[in-house]
Every structure is written in structure tokens, then in C-alpha cells.
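Comments concern the structure below.
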Amino acid sequence: MNALTQFKKTRTLPLLIAVTLVIARALVVHAADLSATPVIDWSTEARRAIVPPSAGPENYGNKFPGEAAVYMGIVHAAIYDAAVAIEGGYHPYAIALTAAQDTSSAAAIATAAHHTLVGCPNCGHSGLQPALGLTPAQQAILDGDYANYLAGIPDGTSKTNGIAVGEQVAAAILSLRANDGRDANPTLADLNPPPPGPGVWQPNATGTVLGLRLPGIRPLALNSAAQFRPDGPNSLRSTEYTEDFDQVKQLGRDNSTSRTPAQTAQALFWTDHDLRVWNDGMLRLAAAARLDLVQTARMLAMAHVSGGDAMIAGFEAKYHYWFWRPYKAIQLADTDGNPDTAPDTTWQPLRPTPNHPEYPAAHAFHSSAVAKALATFFGTDKVAFSLDSRVTGTTRNYASFHDAVKDVELARVLAGFHFRNSTLEGSSLGRMVALYVADHYFQPVH
């Protein structure tokens, strides 16, 4: 069964009602183009402006996956509100608008996305800049893409109406996100680290410490960053910790003889930038399922808002527990008070360890949040889809959204980055965040 068939068969009654309203509205708003193309175009534009070139030469942003997820969530909330203003059928995220009958969806979506990212002269907001961090030359790329995009839309009332809708949406989103903590610059000391010792994470000797802002950023949907804080890592002397220690020690080592070639490929696949991987996969899924303008915008908004809040909540937990990474735990096992964990001072992970605390696993809570949001949108977890990695140059095919989450959970152990418990707890956190978002936002109009 393909994604489109599954999508049609799993629509809930409220969603069917919403679709009926959309169809009725489309009969009236006959001049509006309800194709998903503008959403796909500007989702890609946003990704290029947020994700760094290390994830592909077409990108020119600078955000590591943790912060990138928050920015993607904000922009896709704007794209969603613009789409809802045109097509209707769903409650808006930040502003309720009803577009005129003759409104260009392309102009509305492009303007909402562009102005949310870098601001607009007419709405009095500077956009997600300067915290977005684009240089003048990089912003010029985005400004040029926006100008060229508008130039491809015929001048007239439809275009003017679309720009006006986009400006109103961007102003509302930026007002909502004003002073949300994205521009803060906390230090490690500001986050109250515990004294050094067994089980306590210490920064890598080289490289920038990541994610310090995230615990203080106001969530996009949650009531607080700590709303779903997990219980914490296993005790260093517990049987569970010992088992996880032995597993990552054996499978996650750089020169492991226990890890199969397929497992090494699995580990490396998920060292790509998480937001690039998931966004491209979701755009392919939208095309395969033939989603229209508002359906595509809603799917992406549910996934990216869930993913952004999962990053905020997950990093709040990371800097609450400060748990050490496997490479330190294994090298210093003679200090952990556990007689069943043997130290290995030469142990190194498959790839350099990300420079932030271990518990819970970021790839797990982000991927789980996105996957659960997608399952909620489609009404079923069992949707076939694919994700690709530019690190390995390969594509992985999944029979369900949860299959990708299981893939991530093991991959982070195979890479030597995480203990198994951290990936499972991270996945649980991501699911709870996505369920909360689905219950409180992006609901159909009954």
C-alpha cells in the first residue's frame, strides 16, 4: 500500500470534515492555487538558510541540529498560517486570517517564510535575524531568491494580496517569538554544572560546546522546557548501566571487530545533519502522498514544531543531568564504583563525539518527535518512506515511521556516542512532545 492510499484510508472523522470545508472553500476561492509547490519550495529555502554547508553545498546557514530544529519550527509555523489563511480548514498557529478570493498562494507562502527569516520593511520586525546568524552576503542569497520568486508571479491583485497575507503572518509569528531566548549567550557556568567526578560530563578538549541556549529558549508549543523531563540516567552501579556500558564499549569503538559493515554504515548514515535528512524525506513524502497546499504545510509544521520543542526539552534535560559520554565513561571506568565495568584508556568512538552531555540522546528525541508527528498526521505509523544521507551517499527505506526511530536508537550506540538507555529515554521524550503538539495545535476546524 502506498503512502497516498494509506493517507486516504486513515483519515479521521474530524479531518474528513475539515477536508470537506477545504473543498467547499476551494470552490469559492477559485483563483487560489492550492498546489503544495510553494510550501515545498520555501521549506527548502528555509532549510538552506538554516543548515550549514557541511550538510550540502547548497546550504549557507550555520545552525547545528539542536538550534536548527527550533528555527525550522518557527518558519514552518509561518508557512502553515499562510496556507490556512488561503485554504482554511484548520486552526491557525499565531494569527487567524481569511485571504481574499484572488490571492496568490505562492506570494503568500514565500513572503511569510522570507519575512519570518530576515524581516520586512513594512511589518517593523527584523525577522529571526540577527540570532539566525546570516552574514550580509548570506542574507543577500535569500533576498535574491525571494525577489526572483516574486518576479515569477504575474503582477496584479492576486500577487498583491498574497504578499499582504505573508506580511501579516510574518509579523504575527515574529511578535509571538520576540525575546524568546534565541539571542542569549549563556556560558557553561550559567547552567550550574555539578562538580567534576564519575558520571559527570566534561566538554571535549576541542570544539565549541553546543546547545547552551536551548534550555532557555521559550518552547514553540510546550508550557515549559522541563514539562516532560525524563527521570535521569541509570545509576553507575546498576545492572542496566553495566549492560549498556558493555554494549557501547564493544560495538561503538572506532576499530570494533564486533560491529558489522552494515552496522557501521547505519552508524555513519545518522551522522548527517538531522534536519536536512528529515526535511528532504518529508518533502518526498508529501509529493508521494499528493498532499495539497495546506496538508503539506500542516504536516511540516506538526513535524518541525514537535522537533523544535523536542530539542528544547531534550537539551534542558541534558544540562540538568550532565551525564558523561561513553568515551569518558570507558576510559575512566576505574573511577565509577562499579566492579563490573572495566576501563580501557585507549577506547575511542567511531567518530568524534558531539560536544554536549550524553543523556538523553538528541537524535533519538528529535527523530522520535518528527516520526510521531508524521504518524499522527497520517493517522497511522505504517507509512513507507525513505531518508537519505549525504555522509554515506545512501538511501534507507522504512516500512513505518517508528522503524526509522529504531534505526536511530541503535545507530547512536554503534557510533559510540550514547548508551542504549539514553536513546530509549530520548525516544520516549520525543513521542510525548509530539503528542502534546498534536493535541493542542494544528487541529482541524470542526
Between the helical axis of 105-118 and the dominant principal axis of the chain, each derived from Cα atoms, what acute angle in degrees is found, rounded to the nearest 10?
50
Hey, got the dipole for the chain? About the Cα centre, +1 on K and R Cβ, -1 on D and E Cβ, debye to the nearest 20?
500
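Could you give the alpha-carbon Rg of region 354-397 over 2.2 N^0.38 Å, rounded to two decimals?
For region 354-397, the normalised Cα radius of gyration comes out at 1.44.
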Where q = 0.23, 0.24, 0.25 Å⁻¹, what log10 of I(q)/I(0) comes from the Debye formula for region 274-315, counting one point per Cα?
-0.76, -0.81, -0.85
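Report D for region 392-446 in µm² per second (integer): Stokes-Einstein, Kirkwood Rh on Cα pairs, 25 °C, 0.890 mPa s. Numbers along the way, then the final one.
Values: Rh = 13.3 Å.
For the chosen part, D equals 185 µm²/s.
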With every protein chain left in place and a probe of 1.4 Å, what is the accessible surface of ARG412, to the nearest 10 Å²?
10
On each of the three principal axes of the Cα atoms of region 160-280, give max minus min coordinate, whole Å, ordered largest first.
63, 39, 30
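Roughly how compact is the chain, stated as its Cα Rg over 2.2 N^0.38 Å to two decimals? Mind dumping the intermediate values first?
Working: Rg = 22.2 Å, N = 446, 2.2 N^0.38 = 22.3 Å.
With N residues counted in the chain, Rg over 2.2 N^0.38 Å equals 1.00.
Quickly estimate the mean residue ellipticity at 222 nm for the chain, helices only: each DSSP H run with n ≥ 4 gives -39500 (n - 2.57), and the total goes over all residues, rounded to 500. Before the final figure, lay out each step's value.
Working: 15 runs with 234 residues, N = 446.
-17500 deg cm²/dmol, from helical runs alone.
With an 8 Å cut-off on Cα pairs and a minimum separation of 6 or more residues, tell me the relative contact order of the chain in percent.
On the way: 878 pairs, mean separation 100.8, N = 446.
23 percent.
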Solvent exposure of the chain as accessible area per residue, Å², 1.4 Å probe
37
Give me the angle, in degrees from 0 to 90, between the Cα long axis of helix 157-176 and the longest principal axis of the Cα atoms of the chain, rounded to the nearest 10.
40
Which part of region 395-426 falls in the paramagnetic zone of THR260, meaning amide N under 15 Å from the point 7 Å along Cα-to-beta-carbon?
407, 410-411, 414
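How long are the semi-axes of the ellipsoid equivalent to region 76-235, from square roots of 5 times the Cα gyration tensor eigenvalues, in whole Å, largest first? Numbers along the way, then the final one.
Values: eigenvalues 308, 75, 28 Å².
Taking √(5λ) for each Cα gyration eigenvalue gives 39, 19, 12 Å.
From the square roots a ≥ b ≥ c of the eigenvalues of the alpha-carbon gyration tensor of region 35-86, which class results: rounded (a/c under 1.5), prolate (a/b over b/c), or oblate? Write out the running numbers ahead of the final one.
Details: a/c = 3.99, a/b = 1.72, b/c = 2.31.
Taking the square roots of the gyration eigenvalues as a ≥ b ≥ c, region 35-86 is oblate.
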Over what distance in Å are the Cα centres of region 394-446 and region 102-177 separated?
32
Regarding region 289-388, what are the three Cα extents along the principal axes, ordered largest first, in Å?
58, 27, 22
For the peptides 205-217, 103-115, what is the packing order when you average, over each peptide's residues, the other Cβ atoms within 10 Å and list the highest mean first?
103-115, 205-217
Treating the angle as unsigned and between 0 and 90°, give the value, to the nearest 10°, between the Cα long axis of helix 65-87 and the longest Cα principal axis of the chain.
20
Using a Gaussian network model of the chain whose springs link C-alpha atoms within less than 10 Å, name the residue from THR187, THR160, THR44 with the highest mean-square fluctuation.
THR187
Farthest positive-ward along the chain dipole, Cα basis, beta-carbon charges - from HIS76, LEU251, VAL294:
VAL294
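Write down the Å³ per residue value for the convex hull defined by the alpha carbon atoms of region 223-362.
Values: hull volume 18.6 nm³, N = 140.
In region 223-362, the Cα hull volume divided by residue count equals 133 Å³.
The values are calculated or read from the model by the stated rules, or taken from the named source; none is laboratory data. Keep in mind the model is a prediction, meaning the values are calculated, not measured. Counting neighbours? That spans all protein chains shown, and the Cβs are built from the backbone with ideal geometry, glycine included. Please note that ligands, DNA and RNA were not included when accessible areas were found on the heavy atoms of the full protein model with its side chains. Shrake-Rupley method; radii C 1.70, N 1.55, O 1.52, S 1.80 Å.
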